[in-house]
Amino acid sequence: MPMLFLDYHRTIPVPTRGGFILLLAGIALVVQFIVYHRGQVGEMDRLRESLGQASQVASTAGASVTVTGDARRLDAEIRQANAVLRHLTLPWEGLFRVVESASQQHSKQIALLSIQPDAEKRQVRISGEAKGLDVLLDYVRRLSKSDSVANVYLLSHQVQSQDRERPVSFSLIAEWNTSQ
């Protein structure tokens, strides 16, 4: 067994060749990053300058800017993008929270089968089943007390007489207040 030598008095660690190589590699990476960063900053300055020149030319040209391509197609794409944007910014969470909270009291007695919001008409159509007509009417009352929906109307209901529990299938419509 080789003899073990412990040196407790040495205070300065001896640099190793591997540590020195890692230090040089780190310095090289930092220098490479600085060169890359300066190049990117220069490119941004060139782009800003060309943007300034383009805006200056556009402002001196006035309203004589022409759109290349099919203007009708571009207009249709803009309308479609605006419609998608309006659709995405609607308060969907609020609508679903109201529909769920109205059925909270009768959670075991109401089963919602579909919720079909119509963002264009600001309406929501709800279909489902209730254990009884009184439970369904209470759900409609609770839903109509909400600030997010108004004018809740029962479009149709039908007692399922073939089922021994006699559930009521229903469909209702409500106006959706999207300003909240």
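The values are calculated or read from the model by the stated rules, or taken from the named source; none is laboratory data. All of these numbers come straight from a predicted model, not from anything done at the bench. Glycine also receives a Cβ, built like all others from the backbone with ideal geometry; neighbour counts cover every protein chain displayed.
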Starting from the range 85-97, take each residue that is more than 16 Å from Ala150 (Cα to Cα) and list its partners that are hydrophobic (A, V, I, L, M, F, W, C), counting only C-beta distances under 9 angstrom and pairs at least six apart or across chains. Arg86/Ala119; His87/Ala119; Leu90/Ala119; Leu90/Trp176
Identify, please: which residue in the range 148-176 is under 21 Å from Gln123 (Cβ atoms) and free of Cβ contacts under 8 Å to residues at least 40 places away in the same chain and is, among those, surrounded by the fewest Cβ atoms within 10 Å (Cβ to Cβ)? Ser156
What's the number of the only condition in (1) in contact (Cβ under 8 Å) with a residue 40 or more places away in the chain; (2) on the phi < 0 side of the Ramachandran plot; (3) touching a strand residue (DSSP E or B) at 6+ places or on another chain (Cβ under 8 Å); (4) of a type outside the set (Ser, Thr, Tyr) that Ala102 fails to meet? (3)
Residue hits (the range 80-135; among the polar types (S, T, N, Q) and over 16 Å from Leu155 (Cα atoms)) are Gln80, Asn82, Thr89, Ser101, Ser103, Gln104, Gln105, Ser107, Gln109
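Of everything in the range 148-167, what is more than 15 Å from Ala111 (Cα to Cα) and among the hydrophobic types (A, V, I, L, M, F, W, C)? Give them in sequence order.
Val149, Ala150, Val152, Leu154, Leu155
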Which residue is farthest from the chain's Cα centre (by Cα), if the candidates are limited to the range 113-142 and must be surrounded by fewer than 16 Cβ atoms within 10 Å (Cβ to Cβ), assigned to a strand (DSSP E or B) and among the aliphatic types (A, V, I, L, M)? Leu113
So which residues in the range 163-180 are modelled with pLDDT of 80 or more and in a loop (DSSP other than H, G, I, E, B)? Asp163, Arg164, Glu165, Arg166, Pro167
